[in-house]
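Below: one structure, written as structure tokens.
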Amino acid sequence: MTKKKWLSVQQKIEIMQLPDGERFKSLIQELDGETVAVTVPYRQGKYLLLYSGEMVRVEFVVSDAIYGFQAKVLGRRKSNNVPLVLLSRPAFFTRKQRRSFVRFPITLPVRFYLHPQSVGPLTPESCEEKTGKTIDISGGGLQIYTSTAVQVGAQVLLRLKLNDGHPQELSLSGNVNWVTEDEWNRSVRFGVCFQGISEAAQERIISYVFSMMRQRTLI
């Protein structure tokens, strides 16, 4: 993806006041050579009031990383009666790869299906269903606790339901990149790196992680 295509109309973004403001959701509505017009940022029914001259940070997710940039608030205007905030077009972007995704400790029930790396395409019908619990999760992978024997390099298909208000469970696939066995407790911990995760699924996980982090901060 070229830099020119990193931003697009109707793209979902998150906006934060500098230096360490909360994350507010927004959508890019218009783009030109000098400005980025976005909807008024909001979170949990609250709007973020931005004023000309303020500096903000904008972040968004593409398939391989989280990208971000700093922008200056240039003003406000309306388009088809929709209030918009005008931001300066970024001169450069920062990039956080998947390994930099925030890992959030959370225990969730998970179903998974395994078979060796040498075997063909993995489907639930081709393998026995196993169960476990997550130890942590991020946009790039997760860690699972189970009583099932697991081998490094195995393919894994995951079925996971986040308690994020969405009725649909996540269907994810990946590779087992490390395994730790505890013979005393007869348990196994293993890490999964997601492969071929959709942008929608990754965005949902990242939004869930940030939401849970904010909730814990408020407790």
* Just check segment 104-218 against the gyration tensor rule for me: Cα atoms, a ≥ b ≥ c as the square roots of the eigenvalues, rounded for a/c under 1.5, and otherwise prolate or oblate depending on whether a/b exceeds b/c. => oblate
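Using 0.36 nm per residue of separation minus the Cα-Cα distance, give me the extension gain between ARG95 and VAL9 in nm, one decimal.
Values: separation 86, 0.36 × 86 = 30.96 nm, distance 2.03 nm.
Fully extending the segment from ARG95 to VAL9 adds 28.9 nm.
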* Asked: Angle, helix 199-218 long axis vs. longest principal axis of the chain, Cα atoms, 0 to 90°, nearest 10?
  -> 80
* To do: Using only the alpha-carbon atoms of segment 3-97, report the extent along each of the three principal axes, biggest first, to the nearest angstrom.
  => 36, 28, 23
* Structure fact -> Checked against the structure, the computed Cα extents along the principal axes in Å among (i) 61, 40, 28; (ii) 87, 47, 42; (iii) 55, 43, 36 is the one labelled (i)
* **Filter on LYS25/LYS161; LYS12/LYS133; LYS46/LYS161; LYS12/LYS46 - keep pairs with C-alpha separation over 19 Å** => LYS25/LYS161; LYS12/LYS133; LYS46/LYS161
* **GLN70-TRP184 pseudo-label distance in nm [points 7 Å out on the Cα-to-Cβ vector]** => 4.9
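Once the piece of chain linking LEU49 and LEU108 is laid out straight, how much longer is it, given 0.36 nm per residue of separation minus the C-alpha distance between them?
Full extension from LEU49 to LEU108 adds 17.6 nm.
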* Farthest positive-ward along segment 104-218 dipole, Cα basis, beta-carbon charges - from VAL152, MET212, LEU172 -> MET212
* **³J(HN,Hα) computed for each position of segment 161-169 - Karplus, 6.51 cos²θ - 1.76 cosθ + 1.60, integer Hz, glycine/proline x** => 10, 7, 8, 10, x, 8, x, 7, 6
* Treat every Asp and Glu Cβ in the chain as -1 and every Lys and Arg Cβ as +1, leave all other atoms uncharged, and give the resulting dipole magnitude about the Cα centre to the nearest 20 debye. => 680
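Computed from the coordinates by the stated procedures, all read-outs in this text should not be read as laboratory data. Source: prediction; values computed, not measured. When we count neighbours, we look across all protein chains shown, and the Cβ atoms used for this are built from the backbone with ideal geometry, even at glycine.
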